[in-house]
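First comes the structure, then the notes that go with it.
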Amino acid sequence: MDRRLGFLLLVAAGLLVLGLAPPTLAEDQLDQVLDQDDGLDVEDELDLGLVDEEEEGGDAPEEEAAKAAPPAPKVSGRSLEGGRACGKDLSGCVLTPPPDPCCDLQVTYKAPEPMGEHYIAESFDRGTLDGWVVSSAKKDDTDEEIAKYDGKWAVEEMRESKLPGDQGLVLKSRAKHHAISAQLLRPFTFDTKPLVVQYEVNFQAGIDCGGAYVKLLTQTSDLDLDQFQDRTAYTIMFGPDKCGEDYKLHLIFRHKNPKTGQYEEKHAKKPEADLRTYFTDKKTHLYTLVLNPDNSFEVLVDQTVVNSGSLLTDVTPPVNPPAEIEDPDDSKPEDWDERPKIQDPSATKPEDWDEDAPAQVADQDAVKPDGWLDDEPEYIGDPEAVKPDDWDEDMDGEWEAPQVQNPACEAAPGCGTWKRPLVDNPSYKGKWKPSMIDNPNYQGVWKPRKISNPAFFEDLQPFRMSAFSALGLELWSMTSDIFFDNFFITDDRNAADRWATDGWGLKKAAEGAAEPGLAAQMLTAAEERPWLWVVYVLTVALPLVLVLVFCCTGKKKSPATAAAEYKKTDEAQPDVKEEEEEEKEAAKEEEEEENSPGEGDEDENAAEEKEEQDAAAEEADEKLEDDVLRRSPRNRKSRKD
């Protein structure tokens, strides 16, 4: 019992320490980012060499002291000695100044550098909106007060930035129209290479109603970024959008009808994944769209696929219209009979069918209860009621006291005129209707005839959309401070992955390092939702108490108790049982040896062998029985007496 209790206490202590400890995942993520040579510059502020010079009494310059200092351990060429010198886990270090003396791991943000083929790569780390055009347009058919695109944009760090120096584009106004755009390095033409669109979003203040999607503006001769608005032609619209409890991740493209030249919006199917967390957790999320020349598409959030399909089969309305349509000029003939069943014209109402019989009748077997007060009304005027002084009989009529239950009826089974209760009428049949039969003239449900669709076409390459030459954000939001960063458009998925690692990967590691421990998260959640305390008690405290009670209340037989139980009965003790088994095995072996065939005539010796076997078996049984009785505890007690 002591061992069990000690083990359980040890497990409970371990779980408590694990819950209070900060997550170690942050350190792993940080180390992965440190391995990226171009994404992070780490400086060790602890000058070990300077300490050695002070102990020797010298005043060497800092450069000489640095040369004399022993080299610190390196991770991808970056020193981590300062953080490890105090013997402290780096996952507890806060990546914002001022640093902990034992966690002097200072992170200096460095903007990601694009590698490979790309059409735009914008990190906003220059601190300006150079290259971006804020729209001065007005919405058509809208009230003058809200028609202007006068929402403010700014380039700044996140409000609770874990990476000082990392800046992004921030939507600053609420309940206003915003529009901003930038030209690509060159237009993107849909040909034989895929399209990859990637950017980051952080809803710093959450989101009530608004979007954070981007538009890829179609290359046209009259494209004017200064007049960018909702009606500006676009090729693709992609990104998150939310209003109320409707969480969306748009993928919309405009397809050109090869016959009419008109454009029609095609909406990709809705993702099956739950998108709520991306809008509410106030973390930076990476949104990626991949369109392939084989018409397949993928939508990823944080490098995880949340939606995929084909531009040919997984969009609404479909790209290609049906080959046949219903003839709009066709009409149903007047004599067309769509009734599958009709009333039997030969049916007649039975002569004994009484349609006037009531559904219920008085119960003739009912008897008035004894003590029923026929002369007493069920309700009487309240004897304590008094006519109001301002009651005017000419205006209000004759005053009557309000009705109350008759107190004389409280002890009686009832008052007033007694009536028999109603019961179902067994003769009731209701209104007679003829029975239904199959309609011999039934022709089925009428449908217009099919004709060839005059607007039919077949486009097997919807991927080949209109070229686009600019990236824009045209948004309305009821929430401000939406943070955008690291826009990247390319035809090389590997280049997009490298850009994501250098930008979003660094943010993810920094956010993970700053996350509180499990215990702090549980306390924070309980403060927001007090009912969680009940869950904590039921899932943690109650099972622990039950386990302790179960383990600590078990009974174990002592040697003295076991010996006493053996003495109360003639049950053989363990050593006697073992000897009995050995003797049985020996007798069996002897019997087998005696039954084995000899060299003489088997027929003549069969009777003799059988007699010998029977005698030997009988002798062995008697010997075994005597031995068991001799060793029995009760027999020993008799011999002692």
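The values are calculated or read from the model by the stated rules, or taken from the named source; none is laboratory data. Just so it is clear, the structure is predicted and the values come from calculations on it, not from any experiment. We place every Cβ from the backbone using ideal geometry, glycine too, and count neighbours over all the protein chains shown. Accessible surface areas use protein heavy atoms only, side chains included; no ligands, DNA or RNA. Shrake-Rupley method; radii C 1.70, N 1.55, O 1.52, S 1.80 Å.
Give me the pairs: first residue in segment 243-269 and on the phi > 0 side of the Ramachandran plot, second residue surrounded by 12 or more Cβ atoms within 10 Å (Cβ to Cβ) and of a type outside the set (Asp, Glu), beta-carbon distance under 9 Å, and six or more apart or on different chains, which are they?
Listed by first residue and then by second, the contacts come to Gly244/Cys209.
Does Asp354 meet the test of being at pLDDT 90 or above and assigned to a loop (DSSP other than H, G, I, E, B)?
Here the answer is no, as Asp354 does not meet what is asked.
Report the residue count in segment 181-204 for those that are open to solvent by 10 Å² or more (accessible area, probe 1.4 Å), charged (D, E, K, R) and in a strand (DSSP E or B).
So the count comes out to 1.
So Leu251 fits all but one of (1) open to solvent by 40 Å² or more (accessible area, probe 1.4 Å); (2) modelled with pLDDT of 95 or more; what number is the exception?
(1)
Take segment 291-341 and flag every residue that is within 15 Å of Val196 (Cα to Cα) and of a type in the set (D, E, K, R).
Those that are within 15 Å of Val196 (Cα to Cα) and of a type in the set (D, E, K, R): Asp294, Glu298, Asp302.
Looking for whichever is touching a helix residue (DSSP H, G or I) at 6+ places or on another chain (Cβ under 9 Å) and over 24 Å from Thr232 (Cα atoms) here; the options are Ala121, Ala111, Ala175. Which one fits?
One residue alone meets the criteria, Ala111.
Which of the residues that make up segment 408-424 are under 21 Å from Pro383 (Cβ atoms) and surrounded by 10 or more Cβ atoms within 10 Å (Cβ to Cβ)?
Selection gives Ala408, Cys409, Ala412, Cys415, Gly416.
Being in contact with an Asp or Glu (Cβ under 8 Å, 6 or more places away or on another chain) and not aliphatic (A, V, I, L, M) is the filter here; which residues of segment 391-413 pass it?
Trp399, Pro402, Gln403, Gln405, Asn406, Cys409, Pro413 - these are the residues of segment 391-413 that are in contact with an Asp or Glu (Cβ under 8 Å, 6 or more places away or on another chain) and not aliphatic (A, V, I, L, M).
Name the single residue, out of those in segment 205-227 being among the charged types (D, E, K, R) and outside any loop (DSSP other than H, G, I, E, B), that is least open to solvent (accessible area, probe 1.4 Å). Reasoning before the result, please.
Step one: list which residues in segment 205-227 are among the charged types (D, E, K, R), which gives 208, 215, 222, 224, 226.
Then drop every residue that is not outside any loop (DSSP other than H, G, I, E, B), which leaves 215, 226.
Details: Lys215: 11, Asp226: 59 Å².
Ranking the qualifying residues of segment 205-227, first place goes to Lys215.
Looking at (1) in a strand (DSSP E or B); (2) within 29 Å of Gly131 (Cα to Cα), find the lone condition where Asp230 falls short.
That leaves (1) as the condition not met.
From Val361, Val367, which residue is surrounded by fewer than 10 Cβ atoms within 10 Å (Cβ to Cβ) and at pLDDT 90 or above?
Val367
Would you tally the residues in segment 475-502 being open to solvent by 20 Å² or more (accessible area, probe 1.4 Å) and part of a strand (DSSP E or B)?
1
Looking only at segment 151-173, how many residues end up being modelled with pLDDT under 90 and surrounded by fewer than 16 Cβ atoms within 10 Å (Cβ to Cβ)?
So the answer is 4.
Starting from residues that are of a type in the set (D, E, K, R) and in a strand (DSSP E or B), keep the ones in segment 237-258 and report whichever is farthest from the chain's Cα centre (by Cα).
The qualifying residue farthest from the chain's Cα centre (by Cα) is Lys256.
Whether any residue in segment 375-382 is among the small types (Gly, Ala, Ser) and either open to solvent by 60 Å² or more (accessible area, probe 1.4 Å) or modelled with pLDDT under 90 (or both) is what I want to check.
The answer is yes; a qualifying residue exists.
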